[in-house]
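Here is the structure we will look at, set down as structure tokens.
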Amino acid sequence: MNAQLANILKKLFELSRPKKRLISVAADAVFIFVAFWAAYALRLEDWLWRPNLGQGVVFAVTAMVTIMVFIRLGLYRAIIRYISEKALMVVLLGVLASGLALILSGYLLQTMVPRSVPVMYCAFLFIMVAGTRLGFRALINRPREKVKGRVLIVGTGPRALELHHSLLQGMEYRPMGFVTFDHRKHRSLIAGFQVYGIADLKRAVNEQGVQRVFLALEDSVSVDRRHLIHILEELQVPVQTIPALSELVAGTARINDIRDLDPAELLGREPVEPHQGPIDDSVAGRVVMVTGAGGSIGSELCRQLVQLRPARIILMEQSEYALYQIEKELRSVIAIRGLGVSVHALLGSVGHRRRCETTMRAFRVDTVYHAAAYKHVPLVEVNVIEGIQNNVMGTWHCAQAAVAAGVRRFVLISTDKAVRPTNVMGASKRMAELVLQALAASQRRTIFSIVRFGNVLGSSGSVVPLFRDQIRSGGPVTVTHPDVIRYFMTIPEATQLVLQAAAMGKGGEVFVLDMGEPVRIADLARKMIRLMGLSERTELNPDGDIEVVYTGLRPGEKLFEELLVGSNPIETSHPRIMMAREACLPLAAITELVESLTEASRQFDCERVIEVLASAPTAYASESGLKDELWLRSRPPELARAEGAYGQGKVYPFPG
């Protein structure tokens with residue numbers, strides 16, 4: 001029987017569109033006749049009722065008008081397998097027009113049409129026309145629905161409903177219900193699907209045979225993220241989410257572009273909320289410049305800055321492709337939202353002081369957000385000269401250009417690795433901080449501020465994309481040490497901190513974010529494994545999916561990071577942001593250090609670079625020695641110095 005039905009449906013699918021429409025018209029004509037007859041037979045209580053000539057003419061007129069109205073409303077252009085509930089409104093309008101035609105034709109032709117007949121006629125016709133179409137849709141889609149992945153949607157707002165509708169029309173997933181945090185909606189129905197309470201999520205997954213869970217929460221919904229993540233970890237099914245609202249508005253993503261959990265969800269805490277007032281005053285209507293505009297932090301800075309409607313935004317980036325990507329995205333957002341911001345994309349390096357100064361003068365830049373830097377610890381450790389030139393000299397040249405051009409504010413993006421650094425990258429960022437602190441103390445024309453981040457989830461080089469790729473590849477997930485811990489923040493949080501620093505800075509301050517409890521990297525890896533619907537392979541669970549392997553600390557890596565050099569942070573107007581005025585060197589001493597680094601870099605003398613970093617008050621203490629591969633391979637043997645002979649030159653202590 002099923003084979004015969006499948007064969008009939010296959011033959012119907014193979015018919016041409018005109019033939020399918022002809023069949024639909026013929027079927028509707030039959031429905032009109034059946035509804036007409038049933039209405040009269042029921043009203044007259046005569047199941048053998050036959051129409052007379054006048055009633056036959058009324059039927060013919062009604063049928064022709066009805067078919068013409070259906071054609072006019074586009075009912076026959078709809079493809080039945082993709083027909084939506086909106087078609088019910090079209091059918092209803094057509095049926096009402098058909099009932100009106102029945103009444104008018106009966107009146108004009110002086111034929112008996114009892115008052116209850118049009119009502120029953122419309123009801124019968126609507127049931128048959130709409131019911132058959134929805135029934136055929138269900139019949140056609142049934143085999144396809146069986147192979148779709150079963151999913152639950154966490155959320156009951158507009159985004160959840162839009163996702164639900166999109167999944168129904170798609171080919172991959174089949175929504176089985178909704179999950180709500182609102183106890184008032186528990187056990188209700190939305191679009192015909194059951195709504196479960198968050199406490200019943202695990203039961204719903206088991207009852208419905210759910211294979212995935214999609215998060216579609218509204219931005220305005222307040223959720224206990226730690227509790228939510230804990231519940232999701234126990235499900236043993238993949239947990240994914242939909243794109244952010246900003247991506248949907250910009251047109252860079254669609255509601256059904258399902259992706260893995262946003263890094264912000266992995267923190268299990270509420271995001272830092274901005275104090276918008278001061279930020280607006282420092283950006284709106286002004287000219288802002290972002291160096292490293294194509295990087296993880298720089299690009300997010302640009303996205304948030306354009307929402308504040310500066311007069312112009314200057315993008316400086318040395319990667320042509322990264323600059324093209326962020327410029328294209330910003331222009332799209334600005335056009336869609338009508339923000340009226342001028343975007344200027346400039347290729348260039350912050351190491352070129354003349355280009356930086358010319359740019360700042362030409363556009364009359366008010367605020368510079370200095371995000372250009374090399375930040376990947378192992379790479380900078382084996383590329384010492386390039387790291388120093390970009391992170392130290394680049395900051396020196398860019399900051400001096402800002403002073404010369406009369407820039408009002410300059411914000412440096414630093415890192416927690418600058419606190420008592422054990423690697424070249426951290427030492428170079430601490431030197432960059434000292435540069436800005438010295439410039440802030442030596443003049444009042446430009447306000448310099450420094451922002452220290454912890455690790456930024458989701459940025460290039462972050463453990464999150466690395467772990468995700470390793471899990472997708474079947475493992476193992478590599479962690480350097482079982483006890484290594486880090487402070488984490490999201491990219492939007494990091495950029496908000498930068499904007500806050502620009503608004504609150506008075507000159508020379510170091511701003512840090514209260515990021516709550518540090519996260520053990522091994523625990524983060526296990527959490528990601530569970531949230532992707534897999535299990536960890538251990539001695540107690542040899543049949544698990546993914547193994548966690550410890551590879552040992554990398555050169556320059558510490559077990560834990562710090563955010564403050566001192567221990568007495570100062571509160572600010574923002575409850576989650578602290579400030580520290582740390583000791584600094586006079587400008588003359590910093591100038592001498594930078595010149596020494598410049599000369600050592602020019603001569604490609606990596607050991608001299610390390611000596612200068614160690615002699616500066618950076619608290620730099622290398623734990624692994626010089627690792628620059630090119631230097632180790634190319635230095636003349638007669639010039640080689642003893643390993644570990646750092647810090648033998650002049651020492652620059654803090655004043656006082």
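The values are calculated or read from the model by the stated rules, or taken from the named source; none is laboratory data. Note that this is a predicted model, so its numbers are computed, not measured. Quick reminder, even Gly has a Cβ in these numbers, built from the backbone with ideal geometry, and neighbours come from all protein chains shown.
Contact map, the stretch 330-344: first residue without any contact (Cβ under 8 Å) to a residue 60 or more places away in the chain, second residue loosely packed, with under 14 Cβ neighbours inside 10 Å and of a type outside the set (D, E), Cβ cut-off under 8 Å, separation 6 or more or different chains; pairs are I334/G340. Any residue in the stretch 149-163 that is part of a helix (DSSP H, G or I) and either on the phi > 0 side of the Ramachandran plot or in contact with a helix residue (DSSP H, G or I) (Cβ under 7 Å, 6 or more places away or on another chain) (or both)? No, the stretch 149-163 has no match at all. Within the stretch 403-432, the set of residues being surrounded by 24 or more Cβ atoms within 10 Å (Cβ to Cβ), out of contact with any Asp or Glu (no Cβ under 8 Å at 6 or more places or on another chain) and in a helix (DSSP H, G or I) comprises G426, A427, S428, K429, R430, M431, A432. Per the conditions (1) farther than 22 Å from A418 by Cβ; (2) modelled with pLDDT under 75, the sole criterion not satisfied by D514 is (1). Here Y369 meets each of (1) aromatic (F, W, Y); (2) within 26 Å of the chain's Cα centre (by Cα); (3) surrounded by fewer than 24 Cβ atoms within 10 Å (Cβ to Cβ) with one exception, condition (3).
Any residue in the stretch 174-186 that is over 20 Å from Q240 (Cβ atoms), surrounded by 12 or more Cβ atoms within 10 Å (Cβ to Cβ) and in contact with a strand residue (DSSP E or B) (Cβ under 8 Å, 6 or more places away or on another chain)? Scanning the stretch 174-186, I find at least one residue that is over 20 Å from Q240 (Cβ atoms), surrounded by 12 or more Cβ atoms within 10 Å (Cβ to Cβ) and in contact with a strand residue (DSSP E or B) (Cβ under 8 Å, 6 or more places away or on another chain), so the answer is yes.
Residues being among the polar types (S, T, N, Q) and either surrounded by 15 or more Cβ atoms within 10 Å (Cβ to Cβ) or assigned to a helix (DSSP H, G or I) (or both): count how many of those fall in the stretch 25-55.
Initially, the stretch 25-55 is screened for residues among the polar types (S, T, N, Q), giving 52, 55.
From what is left, the residues that are either surrounded by 15 or more Cβ atoms within 10 Å (Cβ to Cβ) or assigned to a helix (DSSP H, G or I) (or both) are 55.
So the count comes out to 1.
The set of residues in the stretch 490-536 being part of a loop (DSSP other than H, G, I, E, B) and on the phi < 0 side of the Ramachandran plot consists of G505, K506, D514, M515, E517, P518, L534, S535. The set of residues in the stretch 331-341 that are of a type outside the set (G, A, S) and assigned to a helix (DSSP H, G or I) comprises R331, V333, I334, I336, R337.
Of V58, V113, all but one fail to be assigned to a loop (DSSP other than H, G, I, E, B), buried (at least 18 other Cβ atoms within 10 Å of the Cβ) and among the aliphatic types (A, V, I, L, M); the exception is V113. Taking the stretch 297-315 as the range and being surrounded by 20 or more Cβ atoms within 10 Å (Cβ to Cβ) and over 15 Å from L347 (Cβ atoms) as the test, the residues that pass are I297, S299, E300, L301, C302, L305, V306, L308, P310, I313. Only a single item in (1) touching a Ser or Thr at 6+ places or on another chain (Cβ under 7 Å); (2) surrounded by 19 or more Cβ atoms within 10 Å (Cβ to Cβ); (3) within 25 Å of K86 (Cα to Cα) is not met by A160, and it is number (1).
Yes/no per residue for (1) in contact with a Leu (Cβ under 9 Å, 6 or more places away or on another chain); (2) surrounded by 19 or more Cβ atoms within 10 Å (Cβ to Cβ); (3) among the aromatic types (F, W, Y); (4) at pLDDT below 85:
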{"position": "A87", "(1), (2), (3), (4)": "yes, yes, no, yes"}
{"position": "L102", "(1), (2), (3), (4)": "no, yes, no, no"}
{"position": "Y107", "(1), (2), (3), (4)": "no, no, yes, yes"}
{"position": "C122", "(1), (2), (3), (4)": "yes, yes, no, no"}
{"position": "M128", "(1), (2), (3), (4)": "no, yes, no, no"}
{"position": "R137", "(1), (2), (3), (4)": "no, no, no, yes"}
{"position": "N141", "(1), (2), (3), (4)": "no, no, no, yes"}
{"position": "R144", "(1), (2), (3), (4)": "no, no, no, yes"}
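Counting only helices (runs of 4 or more DSSP H) that sit wholly inside the stretch 553-656, those with at least 1 residues that are modelled with pLDDT of 75 or more, exposed (fewer than 11 other Cβ atoms within 10 Å of the Cβ) and hydroxyl-bearing (S, T, Y) are 629-634. Annotation note: of V382, V341, V403, the sole residue that is β-branched (V, I, T) and under 30 Å from E629 (Cα atoms) is V382. Checking each residue in the stretch 503-538 for being under 30 Å from D281 (Cβ atoms) and among the small types (G, A, S) picks out A503, G505, G507, G508, G516.
When the residues of the stretch 350-366 are filtered to those that are touching a residue at least 24 places away in the same chain (Cβ under 8 Å) and in contact with a Ser or Thr (Cβ under 9 Å, 6 or more places away or on another chain), the one that is surrounded by the most Cβ atoms within 10 Å (Cβ to Cβ) is C356.
Taking the criterion of being free of Cβ contacts under 8 Å to residues at least 24 places away in the same chain and among the polar types (S, T, N, Q), the residues of the stretch 163-194 that qualify are S188, Q194. Listed conditions (1) of a type outside the set (S, T, Y); (2) surrounded by fewer than 21 Cβ atoms within 10 Å (Cβ to Cβ); (3) not in a loop (DSSP other than H, G, I, E, B) are all met by V456, apart from (2). Going by the conditions given, is T446 among the hydroxyl-bearing types (S, T, Y) and assigned by TED's automatic domain parsing to the domain that holds N391? Answer is yes for this residue. Within the stretch 379-395, not a single residue is under 20 Å from Q500 (Cβ atoms) and surrounded by fewer than 24 Cβ atoms within 10 Å (Cβ to Cβ).
Within the stretch 496-535, being within 18 Å of P465 (Cα to Cα) and touching a strand residue (DSSP E or B) at 6+ places or on another chain (Cβ under 6 Å) holds for V519, R520, I521, A522, A525, R526, I529, L531, M532, G533, L534.
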